[in-house]
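Let me begin by presenting the structure, written as structure tokens, before commenting on it.
The values are calculated or read from the model by the stated rules, or taken from the named source; none is laboratory data. This is a predicted model, so every value here is computed, not measured. With ideal geometry, Cβ positions are generated from the backbone for all residues, glycine too; neighbour counts draw on all protein chains shown.
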């Protein structure tokens, strides 16, 4: 009986130690239990079987069930953006089925499925890797895009249809820091992005033409990249308005 109680206490203490890490590997476990790799693998097997820990991918585990916590701690450096960040800031009511992670690191496996959620990892150029912050979320720390950068990332990397982004901006324009948004938009130096958001800001009665006109070329582009390029042409922003609203 004493042995069983002792083993139970050891397991409880082990889990408490593992809970300090959003994700961990066998090396972390080895350091905690001070045993060799073979014994650590046996412990991993037993804890998984009892559903006290969960496997994320090969040699990466967690005690957590929240995909957002797991996604933000899969690799470093990285941050969450796209649908999940828009939902985090309540800029949309839709519940995302995919969590988008942006990183500057090359990685073979681009998708991970965890707790019925797809975590999609996108490698981006270092010049796009900005506009994110560390926040406290469910007793953990996660890295997530600012709401302004989340909107831009969603369009730049086509993670969200522009029609949905339009709704997010129209319904939450008072929540967006316009100065920061323009700073990020200009920093990205993407003409298509600038024309789309310039048109959108015009729609919600925010005039930024003077700040952005130097980036507008003569090429017409569809407002929503996910739809056919058919609609009325806007000469000011060189936009083909293919969105019904």
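Tabulated results
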read-out	value
Criterion (assigned to a helix (DSSP H, G or I), modelled with pLDDT of 95 or more and under 12 Å from the mean Cα position of the chain (by Cα)) met by exactly one of 155, 150	150
Selection count where residues are under 17 Å from residue 145 (Cα atoms) and touching a strand residue (DSSP E or B) at 6+ places or on another chain (Cβ under 9 Å), scope the stretch 161-194	0
Flag if residue 52 is surrounded by 10 or more Cβ atoms within 10 Å (Cβ to Cβ), touching a residue at least 24 places away in the same chain (Cβ under 8 Å) and over 23 Å from residue 122 (Cβ atoms)	yes
Filter pass, residue 193 being farther than 24 Å from residue 98 by Cα, modelled with pLDDT of 95 or more and in the same structural domain as residue 245 (by TED's automatic domain parsing)	no
Qualifying residue in the stretch 130-138 (condition: crowded, with 20+ Cβ neighbours inside 10 Å and part of a loop (DSSP other than H, G, I, E, B))	yes
Total residues in the stretch 212-225, condition in contact with a helix residue (DSSP H, G or I) (Cβ under 7 Å, 6 or more places away or on another chain) and exposed (fewer than 14 other Cβ atoms within 10 Å of the Cβ)	1
Test result for residue 191, surrounded by fewer than 16 Cβ atoms within 10 Å (Cβ to Cβ), touching a residue at least 40 places away in the same chain (Cβ under 8 Å) and within 21 Å of residue 129 (Cβ to Cβ)	no
Filter result (closer than 18 Å to residue 150 by Cβ and in contact with a strand residue (DSSP E or B) (Cβ under 8 Å, 6 or more places away or on another chain)) within the stretch 195-212	196
Meets criteria (surrounded by 15 or more Cβ atoms within 10 Å (Cβ to Cβ), within 13 Å of the chain's Cα centre (by Cα) and either at pLDDT 95 or above or not assigned by TED's automatic domain parsing to the domain that holds residue 223 (or both)) for residue 185	no
Count of the stretch 58-78 residues which are closer than 12 Å to residue 115 by Cα and surrounded by fewer than 18 Cβ atoms within 10 Å (Cβ to Cβ)	2
Qualifying residue in the stretch 215-234 (condition: assigned to a helix (DSSP H, G or I) and either outside the structural domain of residue 132 (by TED's automatic domain parsing) or modelled with pLDDT under 95 (or both))	yes
Strands (runs of 3 or more DSSP E) completely within the stretch 25-124 that count 3 or more residues being under 18 Å from residue 151 (Cα atoms) and touching a strand residue (DSSP E or B) at 6+ places or on another chain (Cβ under 8 Å)	78-81, 98-103, 117-123
Residues located in the stretch 57-115, provided they are on the phi > 0 side of the Ramachandran plot and more than 11 Å from the chain's Cα centre (by Cα)	59, 90, 115
Filter result for residue 115 (under 17 Å from residue 87 (Cβ atoms) and not assigned by TED's automatic domain parsing to the domain that holds residue 80)	no
Only one of 160, 243 that is outside any helix (DSSP H, G or I), more than 30 Å from residue 71 (Cα to Cα) and in contact with a helix residue (DSSP H, G or I) (Cβ under 6 Å, 6 or more places away or on another chain)	243
Residue 121 vs. criteria assigned by TED's automatic domain parsing to the domain that holds residue 90 and surrounded by 18 or more Cβ atoms within 10 Å (Cβ to Cβ)	yes
